Amino acid sequence: MRYLTVLIFSVLSFSLGHSQINEVGLFIGGSNFIGDVGATDYISPNQLAIGGVYKWNRSPRHSYRFSLIFSELEGVDNNSDDPRRIQRGYSFSNQIIEIAAGMEFTFFDFDLHTGKKLGTPYLFTGISVAHHDNFYFNNGVLTSEDSSSWAYGIPMALGFKTTFLDNFILSFEVGARYTFSDELDGSIPDAEFRQQYRFGNINNNDWYVFSGITLTYTFGLNPCYCAASY
């Protein structure tokens, strides 16, 4: 929670010098992992995910967005539909801290100064990085490598947001993260000298999904969305 507090205060300090509409709030939901261990269901949250979100609304159709989310990724072979995984019986849990930044695009205009109730689907994409511990399976036993790594990825989220009470916006979102790592579930050790313990499909990287709701508070001066004239 220390990181979340720092994020919120940093956002508030940053917003004082800008005359755009700002949003700051909380995300709460669940996470699920898709990789070489556990089930491969695309949307099946099994662990709590919580964090903070900041948005800078550049226009009624797009926003710059930053988030910090804490969760625990879990994979249990016995929850899989694959009989080979069930027979293998591996399981893991890995705490992550994810930082993501990118652009949010709305399907329809979302001008907060119209005074009307608004609602629109939206897309979010950008870049993410997740800090996680490293481990591997030694004869089926989960073994720590006593190290940690950063897994870079691409977030791809689809959601719907609507104005909610005064100055509040409520969003519902499902966001998949494709990572450039295959180490989140221990199927590939981080250390080179432990590569004999690797298993699974080495051509497929790990995915994880956040599903949940976001409640943000809006503040700031009325921005000018009009095009510049010459």
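Quick one: angle between helix 2-15 and the longest Cα principal axis of the chain, in degrees between 0 and 90, rounded to 10, please. In the chain, helix 2-15 runs at an angle near 30 degrees to the longest axis. Ligands, DNA and RNA are left out, and with a 1.4 angstrom probe the accessible area of the chain is 52 Å² per residue.
When the solvent-accessible surface of protein heavy atoms is calculated with a 1.4 angstrom probe, in what order do Asp77, Asp146 fall, highest first?
On the way: Asp77 0, Asp146 140 Å².
The ordering from most to least exposed comes out as Asp146, Asp77.
For the chain, the orientation-averaged shadow of the C-alpha convex hull comes to 15.0 nm² (one quarter of the hull surface). Straight-line reach from Lys116: which aspartates and glutamates have Cα under 18 Å away, leaving out those fewer than 8 places along the same chain? Within reach: Glu23, Asp166.
Solvent exposure of Ser148, expressed as accessible area, is near 60 Å², computed with a probe of 1.4 Å over the protein chains only.
Helix-derived [θ] at 222 nm for the chain: sum -39500 (n - 2.57) over DSSP H runs of at least 4, divide by residue count, nearest 500? List each step's numbers first, then the result.
Details: 2 runs with 20 residues, N = 230.
Value at 222 nm, helices only: -2500 deg cm²/dmol.
Look at the alpha carbon pairs under 8 Å that are at least 6 residues apart: their mean separation over the length of the chain gives a relative contact order of 22 percent.
Give me the percent of the accessible area of the chain that comes from carbon and sulfur atoms, probe 1.4 Å, all protein chains in place.
Details: 7080 of 12040 Å².
Carbon with sulfur: 59 percent of the solvent-accessible area.
With Cα atoms defining each centre, segment 45-72 and segment 187-218 are spaced 19 Å apart in the structure.
The values are calculated or read from the model by the stated rules, or taken from the named source; none is laboratory data. These numbers come from a predicted model, not from an experiment. Just so you know, the surface numbers come from the protein's heavy atoms only, side chains and all, with ligands and any DNA or RNA stripped out. Shrake-Rupley method; radii C 1.70, N 1.55, O 1.52, S 1.80 Å.
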